[in-house]
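Working notes, beginning with the structure itself.
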Amino acid sequence: MNRNTPARRRPGRRVAVAAGLVLALGLGAAAQASAAPHTAGAPVSASAPSTALSDSGASLSGRQMVRVLKSLLPKGAKISDEQSQEGYAALVWDDGRGKSMIGVNAQDDMGDVMDGLMGCEGEYIECQALTLADGTQVKRAKRASEKGGSAVVWLVDTLHPDGRRVIVQEVNSSAEGGPVTRPKPPLTLDRLQTIALDSRWAG
């Protein structure tokens, strides 16, 4: 699919920021490709999320994103290393059985950008793609870390009929590229899906 057609230009301005966010979350090649503007000779750096917030298309501030994420996680765990910006939040969650990075990325107006990309193409340990009764597309997946090492990433990617996209992921490490801290991530895919589908991400 050609991302440089005129029809893609308008959402592409917003997804320049989304590219930085999905890279920061380590969401995998398919998610990165869906968010990144494909401009020859201009690779996207994965070193840090973008700071050009005004075009993110996100409805929640970073502080709001962190607050909502915390409210949706099981109680009683220690939370540290919070990171956030508009449309993005991540933290390290430790229930006493090992640290886990949990992150969420919320984007608006992603319907055209994600057209045809909510399936299970790509290298996954497990993947299920489904459509809910209200038309929301959901991808539930487990994959190996793409940053080396033996960490695994579990994620739920949701795309609502109005174009709102919410991705929640967790890793069995305090960072995807870091050493494994527990045998598997702490939350089930069902729990991640509940978090991703929560109405509060809409603002």
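The table for this structure:
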{"quantity": "Meets criteria (among the charged types (D, E, K, R), at pLDDT 95 or above and exposed (fewer than 15 other Cβ atoms within 10 Å of the Cβ)) for residue 134", "calculated": "yes"}
{"quantity": "Index of the failed condition, residue 100 passing every other in (1) open to solvent by 60 Å² or more (accessible area, probe 1.4 Å); (2) within 20 Å of residue 175 (Cα to Cα); (3) not β-branched (Val, Ile, Thr)", "calculated": "(1)"}
{"quantity": "Qualifying residues in the range 145-194 (those that are among the acidic types (Asp, Glu) and at pLDDT below 95) - the one farthest from residue 111 (Cα to Cα)", "calculated": "176"}
{"quantity": "Residues that are surrounded by fewer than 19 Cβ atoms within 10 Å (Cβ to Cβ) and in a loop (DSSP other than H, G, I, E, B), drawn from the range 137-148", "calculated": "146, 147, 148"}
{"quantity": "Selection within the range 69-125 - over 20 Å from residue 182 (Cα atoms) and assigned to a strand (DSSP E or B)", "calculated": "83, 84, 85, 88, 89, 104, 105, 106, 107"}
{"quantity": "Condition met for residue 183 (within 20 Å of residue 78 (Cβ to Cβ) and out of contact with any helix residue (DSSP H, G or I) (no Cβ under 7 Å at 6 or more places or on another chain))", "calculated": "yes"}
{"quantity": "Where a residue in the range 169-183 is assigned to a loop (DSSP other than H, G, I, E, B) and its partner, wherever it lies, is of a type in the set (Val, Ile, Thr) and buried (at least 24 other Cβ atoms within 10 Å of the Cβ), with Cβ under 8 Å and at least six apart", "calculated": "176/153"}
{"quantity": "Long-range neighbours under 7 Å by Cβ, at least six apart or interchain, first residue open to solvent by 30 Å² or more (accessible area, probe 1.4 Å) and of a type in the set (Val, Ile, Thr) within the range 149-165, second at pLDDT below 95 and in a loop (DSSP other than H, G, I, E, B)", "calculated": "152/145"}
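The values are calculated or read from the model by the stated rules, or taken from the named source; none is laboratory data. Just so you know, these numbers come straight off a predicted model, no measurement behind them. Here Cβ is always computed from backbone atoms with ideal geometry, including for glycine, and neighbour counts include all displayed protein chains. For accessibility, only protein heavy atoms count, side chains too; no ligands or nucleic acids. Shrake-Rupley method; radii C 1.70, N 1.55, O 1.52, S 1.80 Å.
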